[in-house]
Each structure stands twice: as structure tokens, then as C-alpha cells.
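The values are calculated or read from the model by the stated rules, or taken from the named source; none is laboratory data. Keep in mind that what you see is a predicted model, and the values were worked out from it rather than measured. Don't worry about glycine lacking a Cβ; one is built from the backbone with ideal geometry, like all the others, and counts go over all protein chains shown. Just so you know, the surface numbers come from the protein's heavy atoms only, side chains and all, with ligands and any DNA or RNA stripped out. Shrake-Rupley method; radii C 1.70, N 1.55, O 1.52, S 1.80 Å.
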Amino acid sequence: MNDEGTRRGSGRRAPGAEPRDGEAEKKPPRKPEDPAAQARDIVYRLLASRARSRLELRQALLRKDIDEDIADGVLQKFADAGLIDDASFAEEWVNQRQRSQGLGRKALGFELRRKGIDEHLVESALSNVDNDAEAERARELVQRKLRSTGSLDYTAKVRRLVGMLARKGYSEGLAYRIVKEEIENAGDAADSDFS
């Protein structure tokens with residue numbers, strides 16, 4: 001056998017030779033990714049699924065072991081570009097959660113504060129909640145729940161329905177007023193003086 005045959009049989013390629021079919025070229029080891037680029041990728045992925053507050057994004061970056069200074073720098077660039085805006089986030093959150101979950105002002109405010117929204121932005125977002133729309137949403141919730149309380153007495157119905165609205169963040173006064181009206185509209189009168 002000649003040297004070429006030996007080389008061919010040994011599995012080694014001659015310098016400059018083309019790789020054979022099925023033979024993968026070795027790639028150089030991958031360099032560790034730039035932490036700022038990694039942080040940007042994380043933020044883009046999170047924002048692609050839904051809007052998020054700056055605090056939510058910061059916490060996500062820190063959980064991924066991104067240095068605080070890098071996280072804050074990247075988030076500032078996103079804020080400067082208008083991609084992170086806690087005021088817009090708060091308004092969108094309030095509209096969406098009120099519509100889909102039927103939440104009242106108290107519950108919405110609690111959620112926004114938990115997401116790190118500044119108090120003045122929380123108040124601004126909640127001030128956009130229409131009183132009539134909030135009352136109508138509470139009324140819809142009571143009407144739906146009232147169907148399942150048929151065998152309960154008046155006081156138990158009131159307690160259960162007001163409790164449901166309280167858990168959803170509606171004020172006590174609004175909850176009692178709506179519940180009383182809806183029970184009366186359903187034809188169930190109070191056995192005692194309840195107001």
C-alpha cells in the first residue's frame with residue numbers, strides 16, 4: 001500500500017483536503033456570550049410574550065445571573081427606546097385584568113404595586129377605570145354567581161356575593177349596593193331589614 005492509501009485508511013485527512021460526506025468539521029469552541037447581549041435576548045423574549053414592568057424584567061435578569069449593573073444598563077436602553085414603559089404597562093394591565101378577570105380597583109392596585117409600579121402611576125392607571133363600567137362588571141359577576149345560590153337564605157346569599165366581590169377588589173359600598181339590587185331583581189326579598 002502506498003502512503004496515500006494509508007492516509008485514507010487511517011481516517012485522517014490530508015491538509016487542505018475537502019471533508020468527506022458525513023464528516024463534520026470541528027467548530028472552534030463557542031465563546032461565552034456577552035452578558036449584555038444575553039440580557040437583551042432575555043428581555044426581548046419576555047416582551048414578546050406580553051408587556052412587563054421594569055421590575056419584572058429586572059428580576060428575571062437577576063434570576064438568570066446577569067450582573068445588576070448590566071441589567072440596569074440594558075433596561076435603561078430599552079426604556080430610552082420606549083420598549084419599557086411602566087405607565088403604559090399599568091394602563092394596559094388595568095384594562096386587560098378588569099375585562100378578563102373582573103377585578104376591582106383595590107385588586108388591580110395591589111397587582112400593580114406587586115409588579116413594582118410607582119404609586120403615582122398606579123393611581124393614574126386606576127383613575128382611568130370608569131365607575132359605571134366597574135359597577136357593570138360587578139353586576140355581571142353577581143348575576144353569574146347568583147344562579148348557584150338558589151337554596152341559600154337572603155343573608156347567606158348577601159354574605160357570599162359580597163365576599164366574592166371583595167376578593168375581586170370591589171369596594172364594600174359598591175359590593176353591598178350591587179348585591180342587594182341583584183338579589184331583589186331576582187325576586188328574593190330580604191327577610192329582615194338589611195341595608
How much area per residue is accessible in segment 77-117 when the probe is 1.4 Å and only protein heavy atoms are counted (Å²)? 54 Å²
Under the 0.36 nm per residue contour assumption, what length would be gained going from the current alpha-carbon distance of ARG160 and GLN143 to full extension? 4.9 nm
Could you work out the relative contact order of segment 38-195, using alpha carbon pairs under 8 angstrom and six or more residues apart, expressed as a whole percent? 21 percent
If R₀ is 35 angstrom, what is the calculated FRET efficiency for the pair PHE110 and ILE70, using the beta carbon separation as r and rounding to 0.05? 0.65
Carbon/sulfur fraction of accessible area - segment 33-172, other protein chains in place, 1.4 Å, %: 45 percent
For ARG50 and ASP153, what does the FRET efficiency come to when R0 = 41 Å and r is the distance between their Cβ atoms, rounded to the nearest 0.05? 0.40
Relative contact order of segment 116-195 (C-alpha contacts under 8 Å, at least 6 apart) in percent is 32 percent
Can you give the FRET efficiency to the nearest 0.05 for ALA135 and GLN101, using r as the Cβ-Cβ distance and R₀ = 25 Å? 0.95
